[in-house]
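What follows is a set of notes on a single structure, which appears directly below.
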Amino acid sequence: IRNKKSFFPLRIFILIALSFLQIIDIQWKLGMAVSSDSCRSLKYPYVTMTLKVAEPSGQIMSKSFEMTIPQFQDFFRHFKEIAAVLETV
């Protein structure tokens, strides 16, 4: 999971991506990490998102990524702001 500092430019990434990609589908699921190879007890919730987009060439691609709950809330807030701007265009 990315830390918040590296996740900050998400708003810019979304604006650039939306300028030439068509979003076909967004899927998300909530998970709970309970253990890993390097840590026996993690117990933190996370969101896995999968974006399916069409490139101008028509090629479909999917990109999956994980976010902490605060990162997901930030992503959602930015996405709502961008959607509001796009409605005015």
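The values are calculated or read from the model by the stated rules, or taken from the named source; none is laboratory data. Keep in mind it's a predicted model, so treat the numbers as computed, not measured. Every residue, glycine as well, gets a Cβ built from its backbone with ideal geometry; the counts of neighbours run over all protein chains shown.
Being part of a helix (DSSP H, G or I) and modelled with pLDDT of 85 or more is the requirement here; does GLN27 meet it? So GLN27 does not fit the description; no.
The single condition among (1) assigned to a strand (DSSP E or B); (2) among the hydroxyl-bearing types (Ser, Thr, Tyr); (3) modelled with pLDDT under 85 that SER6 does not meet is (1).
Figure legend. Inter-residue proximity from segment 65-89: first residues closer than 14 Å to GLY31 by Cα, second residues among the acidic types (Asp, Glu), beta-carbon distance below 9 Å, spacing 6+ or different chains. Indicated pairs: MET67/ASP74.
Within segment 44-67, if we keep just the residues that are modelled with pLDDT of 85 or more and among the hydroxyl-bearing types (Ser, Thr, Tyr), the residue that is surrounded by the most Cβ atoms within 10 Å (Cβ to Cβ) turns out to be TYR46.
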